[in-house]
1. So Gly277 fits all but one of (1) farther than 16 Å from His181 by Cα; (2) within 14 Å of the chain's Cα centre (by Cα); what number is the exception?
2. Test of understanding: among Ala170, Ala219, Ala188, Ala207, which residue is without any contact (Cβ under 8 Å) to a residue 24 or more places away in the chain and closer than 23 Å to Lys299 by Cβ?
3. Before we move on, is Asp183 in contact with an Asp or Glu (Cβ under 9 Å, 6 or more places away or on another chain), part of a loop (DSSP other than H, G, I, E, B) and among the acidic types (Asp, Glu)?
4. What number of residues in segment 116-134 are under 10 Å from the mean Cα position of the chain (by Cα) and among the hydrophobic types (A, V, I, L, M, F, W, C)?
5. Could we say that Ala17 is within 13 Å of Val238 (Cα to Cα) and of a type in the set (Gly, Ala, Ser) here?
6. Applying the selection to segment 54-97, what residues are in a strand (DSSP E or B) and either touching a helix residue (DSSP H, G or I) at 6+ places or on another chain (Cβ under 7 Å) or closer than 16 Å to His181 by Cβ (or both)?
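The values are calculated or read from the model by the stated rules, or taken from the named source; none is laboratory data. Keep in mind it's a predicted model, so treat the numbers as computed, not measured. So basically every Cβ, Gly included, is an ideal-geometry build from the backbone, and we count neighbours across all protein chains shown.
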Amino acid sequence: MESYSFDHAQKIVVIGAGAVGATVAYTLMLKNLAARIVLIDVNIQKQEGEVMDIDDVLSFVETGSISSGNFKDAIDADVIILTAGAAQKPGETRLDLINKNKTITRSIFKEIGKLKSTAIVLVVANPVDILTYLVQEVSGLDHKRVFGSGTSLDTARLRTEISKVLKVSAQNVEGYVLGEHGDTEFDAFSTVSVGGILIKDFKLPRAKLDEIESKVKNAAYDIINRKGATFYGIAMVVADIVEAILFDQRKIMPLSVRLEGWNGISGVCLSVPVVVGRQGIEKVWPVKLNFSEKIRLKKSTKEIKKFL
């Protein structure tokens with residue numbers, strides 16, 4: 001097994017300087033996660049403008065540099081964050097973006113060429129489960145080093161909604177949204193606990209649980225309809241994932257990974273709880289879903305496999 005020590009000379013490359021990519025780069029800088037952050041976009045003027053704006057933060061943080069780059073700058077990156085792609089518009093589902101973003105993703109990795117074997121690729125662009133599978137195929141990296149942000153943001157939304165209902169801090173809520181990052185995702189309430197008490201023991205009415213799930217599932221649509229894009233939440237989620245990688249935290253997070261026999265599902269990328277560290281996905285956590293949750297996981301699998 002390879003061993004790693006934390007090195008502040010880490011280089012993070014963010015591909016895509018749109019609302020998500022630029023906010024991710026800014027958030028990574030605020031959290032002092034690497035010495036060098038490189039932002040890459042096909043729109044050079046936008047890329048340079050975002051770098052110039054973020055560069056003004058340098059005197060307040062420990063990060064050494066934020067710079068514009070090209071795809072070849074990703075060759076020696078420690079972490080590559082893929083946000084580039086067509087953005088979801090009001091009225092569109094994430095799956096509506098498939099053909100456009102598959103083409104963009106293939107083009108990007110062809111342009112980059114061979115990555116170093118210890119690199120990790122975090123896919124954020126949508127549809128994240130399908131693009132994660134694609135990047136695993138075209139990047140040349142071990143599958144454990146390529147994974148998607150998946151339902152991490154949905155899970156954060158779930159924890160927030162439950163915290164509001166029970167009037168406690170969201171940090172005291174544990175549990176996951178699983179499956180597709182999209183319309184077939186589901187709140188795995190069997191995994192949810194609050195301060196060590198299972199959610200079922202609070203005896204919330206089914207209607208209240210359904211209301212929570214609806215709010216979580218539709219949050220992105222609601223935000224996009226109001227302001228055109230979501231980016232603050234996903235930027236913080238990405239920073240949390242990158243922190244778990246670079247500091248080798250072995251944190252359990254719901255990420256989109258290639259499944260092989262997890263609750264009966266194989267050959268597809270979906271979000272499940274995994275252990276994340278410097279080597280990437282170190283373990284898929286052996287959560288046992290209940291019968292209805294397994295049915296919903298199969299529904300996600302069926303939907304995603306249509307597009308692989």
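1. (2)
2. None of the other options fit; the residue is Ala207.
3. Working: in contact with an Asp or Glu (Cβ under 9 Å, 6 or more places away or on another chain): yes; part of a loop (DSSP other than H, G, I, E, B): yes; among the acidic types (Asp, Glu): yes.
In short, yes.
4. Residues that pass the stated criteria total 5.
5. Details: within 13 Å of Val238 (Cα to Cα): no; of a type in the set (Gly, Ala, Ser): yes.
The answer is no for Ala17.
6. Pass one, segment 54-97, residues in a strand (DSSP E or B): 65-68, 79-82.
Those that are in a strand (DSSP E or B) and either touching a helix residue (DSSP H, G or I) at 6+ places or on another chain (Cβ under 7 Å) or closer than 16 Å to His181 by Cβ (or both): Ile66, Ser67, Ser68, Val79, Ile80, Ile81, Leu82.
So that you can scan it fast, the table gives a plain yes or no per residue for (1) over 21 Å from Ile12 (Cα atoms); (2) of a type in the set (Asp, Glu); (3) touching a Ser or Thr at 6+ places or on another chain (Cβ under 8 Å):
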{"position": "Lys116", "(1), (2), (3)": "no, no, no"}
{"position": "Val121", "(1), (2), (3)": "no, no, yes"}
{"position": "Ile130", "(1), (2), (3)": "yes, no, no"}
{"position": "Ser169", "(1), (2), (3)": "yes, no, yes"}
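To keep it simple, each residue is scored yes or no on (1) of a type in the set (Lys, Arg); (2) on the phi > 0 side of the Ramachandran plot; (3) in contact (Cβ under 8 Å) with a residue 60 or more places away in the chain; (4) not assigned by TED's automatic domain parsing to the domain that holds Arg278.
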residue	(1), (2), (3), (4)
Ser68	no, no, no, yes
Ile98	no, no, yes, yes
Lys110	yes, no, no, yes
Lys114	yes, no, no, yes
